[in-house]
1. Being in a strand (DSSP E or B) and either in contact with an Asp or Glu (Cβ under 7 Å, 6 or more places away or on another chain) or of a type outside the set (Val, Ile, Thr) (or both), is that true of even one residue in the stretch 77-95?
2. Residue by residue through the stretch 1-23, note down the ones that are surrounded by fewer than 16 Cβ atoms within 10 Å (Cβ to Cβ) and free of Cβ contacts under 8 Å to residues at least 24 places away in the same chain.
3. Touching a residue at least 40 places away in the same chain (Cβ under 8 Å) and hydrophobic (A, V, I, L, M, F, W, C): which single residue out of Val34, Val41 fits that description?
4. Determine which member of the set Ala42, Ala59 is within 13 Å of the chain's Cα centre (by Cα) and either acidic (Asp, Glu) or at pLDDT 95 or above (or both).
5. Mind telling me which of the residues Ser11, Ser26 ends up being assigned to a loop (DSSP other than H, G, I, E, B) and among the polar types (S, T, N, Q)?
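The values are calculated or read from the model by the stated rules, or taken from the named source; none is laboratory data. Worth saying up front: this structure is predicted, and the values here are computed from it rather than measured. So basically every Cβ, Gly included, is an ideal-geometry build from the backbone, and we count neighbours across all protein chains shown.
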Amino acid sequence: MQNVNLYRLMSELYARPEVRTADIVSWEGTIKTVMRDGTVVAIGVQDEYPAVALYTIYANDEDYRNKEPLTEGLYYDFEDDHGYKDGVEAIIKEAC
């Protein structure tokens, strides 16, 4: 895989039963994913590492708005994950 396609990643996340919503929320390309338990995961990709998704987990939407992470500095390297399934599963497992 060359680069993470945020729209495809968002679609794959949204298709999972653990996910309530998944939307791109900023012009710089951050996916805000709200899990069914209320946990929020913010996912982005840096230009320097286009095959790596960086993500931060927040306990709830209020903590997301206040930028008070539960866990930050997480990443998944999609270099060999051509179907996004392993990465999506890893992100969801970490969040739940």
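1. Yes, because at least one residue in the stretch 77-95 is in a strand (DSSP E or B) and either in contact with an Asp or Glu (Cβ under 7 Å, 6 or more places away or on another chain) or of a type outside the set (Val, Ile, Thr) (or both).
2. Asn5, Tyr7, Ser11, Tyr14, Ala15, Pro17, Arg20, Thr21, Asp23
3. Val41
4. Ala42
5. The unique qualifying residue is Ser26.
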